[in-house]
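Please treat every number below as a calculation from the coordinates, not as lab data. This is a predicted model, so every value here is computed, not measured. So basically every Cβ, Gly included, is an ideal-geometry build from the backbone, and we count neighbours across all protein chains shown.
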There are 2 protein chains.
Amino acid sequence: MEQFDVIAANSIFEYVKPDIQEVERLIRLQGLDSHPDLGKALDVLLSSGGKRLRPTITILAGKSLKADPKRILTMAASIELLHTATLVHDDLIDASLLRRGSPTLNSQWSAGATVLTGDFLFASAARLSSDSTSIEALKLFSQTLRTIVNGEISQMFTSRCKPGMDEYYNRIYAKTASLFETSAAVAGIIAEAGKQITESLSTFGREIGMAFQIVDDILDFTGDENVMGKPKGSDLRQGLITLPAQLFFEKFPTHPLVKKVLETGCLDDKNDIGQMVSDILKSDVIEQSYNIANDFIQKGNDALSPLPDNREKHMLISLAQSQVRRNF
Amino acid sequence: MEQFDVIAANSIFEYVKPDIQEVERLIRLQGLDSHPDLGKALDVLLSSGGKRLRPTITILAGKSLKADPKRILTMAASIELLHTATLVHDDLIDASLLRRGSPTLNSQWSAGATVLTGDFLFASAARLSSDSTSIEALKLFSQTLRTIVNGEISQMFTSRCKPGMDEYYNRIYAKTASLFETSAAVAGIIAEAGKQITESLSTFGREIGMAFQIVDDILDFTGDENVMGKPKGSDLRQGLITLPAQLFFEKFPTHPLVKKVLETGCLDDKNDIGQMVSDILKSDVIEQSYNIANDFIQKGNDALSPLPDNREKHMLISLAQSQVRRNF
């Protein structure tokens, strides 16, 4: 990888702020010609935070390639809206009451209204995406949604508490990395930057998306419960074996609780789960997980070498690196 | 309207049969690269019948305009899939156990799996639609989904058992006519037939879509309960005032049950509902409703006059007329 000064994440977010504001305006516009409660739902969803990482990637990649800003911002809005739509349905399905500390839509609305709001967001994302006037971007967009949903269905129909490294990587690709991949690739498509550049961006997005989800899964063990808004090891409590647990299982196959999971399935006893979380934290699997996340980041950043060497490319690289250091 | 021999609905469906089979093949293909249970769900949804009216309209309009058959069939499949996706979520929201006499997906799967299957169908419809390689068709497509969902949300947030002719027409436009409109219009777009022809097709689709829903609403009162698979007046039982009831309310404002609804809202008593259904059937509002449906059909068929005068155009007109005579 080329050498350059790391750019602080804050100054990156500051740099794209006007663009992100435009993205948010485009999203809010979708509520204008619809039922007032849909507009309200959009406001709530937008104001409940989120780092807007996906549109930030699209915007930086677009700027780096001098793509048409209007089409880039439209596509960035479409991607954030698609992401939001999947969260609305996910929270409903998981019966989650809070997201980023704010009440979820399903905690306040009926299941029916929540399903329909998600559908409306999907439709609005598709409409915005068609405004970007690139059939290729739209194909990618709809295929990504298929990948995400197919991943969730597969997870739903697969037995819980079943370790498996391939399954884990497939799951986080479908769940997270596929949309990061698309967020980056669409900039290459809109810029008409050619196959090599677009594939470089795909790889960048995919690899940092994998890292992003791994860090999320690490923080589920290490994060401050007050900041995260959920107890440590909540994935494990839901029967989801993420990377740290996966590594722990491989490393300590004779650990009594590991044997219990392998033999009988999920740990239902709260004390057992607490014990396993504490043993995972005491082991070096967290550090190993960070190393794996860093490898993904490295591969993603390396993939960017065919891109023109400009400020926005350095921002993409720095942004990727900052994701491993985040604590929420 | 031009004069011509009416073509029997059966021979129309026979004429498009190979095309409809190709549409079904394209839809089934969507299940191939996904979780096996999604493929199974697609099979169940396809085999549970349905008249394929929407793709039939797209196919006939496409043939009439000599549009590229491959792109027409792709778009027709996309439209049928979008329709199916909305039904999957509707049945879940309404907790319906049967559709066309077959068990609904939500009667057999968890709510979560049903939400996700609908999402997968939306995504697959969007992917197929992007294969038709027309941005304009895609815009129409996503806008139609927004209209349908917005209509459902509006209905959900509006008090039930509230008569209103404008509300009724707005509701059936969003629920049904908007997708008929798009089914017809996309053929004009794909054929690059120009604004006048495409708008003619839009009008045709919209008007016969309105008629189609009115006939559905009439059959809810008059249909054979064994054929329909639901009791007479099921809309009224759910607090939905459709055209026949609407006309009855306007004509007999002093009818004791009409007064009861206007003063206190929904009829909850089963005997009251039975009485109102029977009084509606005895009055002439059913005939009046058919007349209104016929007016829509007439307007729709008249709109086709700019189209080339060929066999497929006559089939579209005959198909529209046959919808008023159907009994299920």
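Going Cα to Cα from B:LYS162, which lysines come in below 18 Å? Please leave out same-chain ones fewer than 8 positions away.
Reachable lysines: B:LYS175, B:LYS251, B:LYS259, B:LYS260.
Taking chain B as the reference, fit the longest principal axis to its C-alpha atoms, fit the long axis of helix B:135-157 to the helix C-alpha atoms, and give the angle between the two in degrees, 0 to 90, nearest 10.
Roughly 20 degrees, rounded to the nearest 10.
List the trypsin sites (Lys or Arg not before Pro) in the stretch B:57-127 that DSSP assigns to loop (not H, G, I, E or B) and whose Cβ has at most 14 other Cβ atoms within 10 Å. Which are they?
B:LYS66, B:ARG100
Taking B:PRO69 in one copy and the same position in all the others, each labelled 7 Å out along Cα→Cβ, what are the pairwise distances from the first, in nm, shortest first?
List, nearest first: 4.9 nm.
Shortest first and in nm to one decimal, what separations exist between B:LYS251 and its copies in the other chains, measuring from label points 7 Å along the Cα-to-beta-carbon line?
8.0
For label points placed 7 Å from Cα toward Cβ, what is the shortest-first list of nm distances from A:LEU97 to its copies?
Shortest to longest, the spacings are 3.2 nm.
Between the stretch A:235-298 and the stretch B:281-323, what is the C-alpha centre distance in whole Å?
66 Å
Please sort by residue number the GluC sites (Glu not before Pro) in the stretch B:163-213 whose DSSP state is loop and whose Cβ has at most 14 other Cβ atoms within 10 Å.
B:GLU192
Against the longest principal axis of chain A, how steep is helix A:195-222, in degrees 0 to 90 to the nearest 10, with axes from Cα atoms?
40 degrees
Students often forget the sequence filter, so: which lysines lie under 17 Å Cα-Cα from A:LYS232 once same-chain residues fewer than 8 apart are removed?
A:LYS270, A:LYS282
Relative to the longest principal Cα axis of chain A, at what angle does helix A:270-282 sit, 0 to 90 degrees, rounded to 10?
With rounding to tens, the tilt is 70 degrees.
Using a cut-off of 20 Å between alpha-carbon atoms, which aspartates and glutamates can reach B:LYS313, once sequence neighbours fewer than 8 places away in the same chain are excluded?
Those aspartates and glutamates meeting the cut-off are B:GLU2, B:ASP5, B:GLU14, B:ASP19, B:ASP68, B:GLU181, B:GLU192, B:GLU199, B:GLU207, B:ASP295, B:ASP302.
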